Amino acid sequence: MGVRDADARRMLYVTHRSALIEYAAFLLGTREGAEDLVQEAFIRLDPAEATQVAAPRAYLFRIVRNLAFNLRRRRRLEKEHAAEDLSSGWAAPQPIETPEQRLLMAERLRRLARILDAMPRETRAIVEMYRFEGRTLEQIGQALGLSVATVHRRLRSAMADITEGLGADP
């Protein structure tokens, strides 16, 4: 990289930085990562290209656009994988390694069954539809003829009862 190439790249950076940051902020929906994204674009810009490209400004905007789309795609995928991990983890069977752990798990399941049996029929149905069938509050409300607020209130109360009941000593 010659001095001339480095100077050309530095001039591009100084000249177009603020416009590129605004563009990146628009694409990302936030200004927080826009500056980092623009800096990454300039790092990726080959100094030789800075002097050889016919429209270096347009080329920089294309680099920023591609980086922003890649970042948004990566964030979406990470979010989807995190949601999958969280949603499937609580209901998945847990490995039981010792007889003591089997006994404790069996007792915990018996307590859960007693707690669910003690609930009013409609409240139990709400818990089962939400936790075991994966239905939304809106879907449960439609199925039972209740408002979303009522379903939410009953579900929250039932989950508090379950948490309290399972937290008690056997």
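The values are calculated or read from the model by the stated rules, or taken from the named source; none is laboratory data. Treat the numbers as computed from the prediction; the structure is a model and nothing was measured. Note that we place each Cβ from the backbone using ideal geometry, even for glycine, and neighbour counts take in every protein chain shown.
The table below lists the values:
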| item | result |
| --- | --- |
| Count - residues of segment 57-112 that are at pLDDT 80 or above and among the small types (G, A, S) | 3 |
| Residue within segment 147-163 that is assigned to a loop (DSSP other than H, G, I, E, B), surrounded by 14 or more Cβ atoms within 10 Å (Cβ to Cβ) and either at positive phi or assigned by TED's automatic domain parsing to the domain that holds R111 (or both) present | no |
| Count of segment 10-41 residues which are polar (S, T, N, Q) and within 14 Å of N70 (Cα to Cα) | 0 |
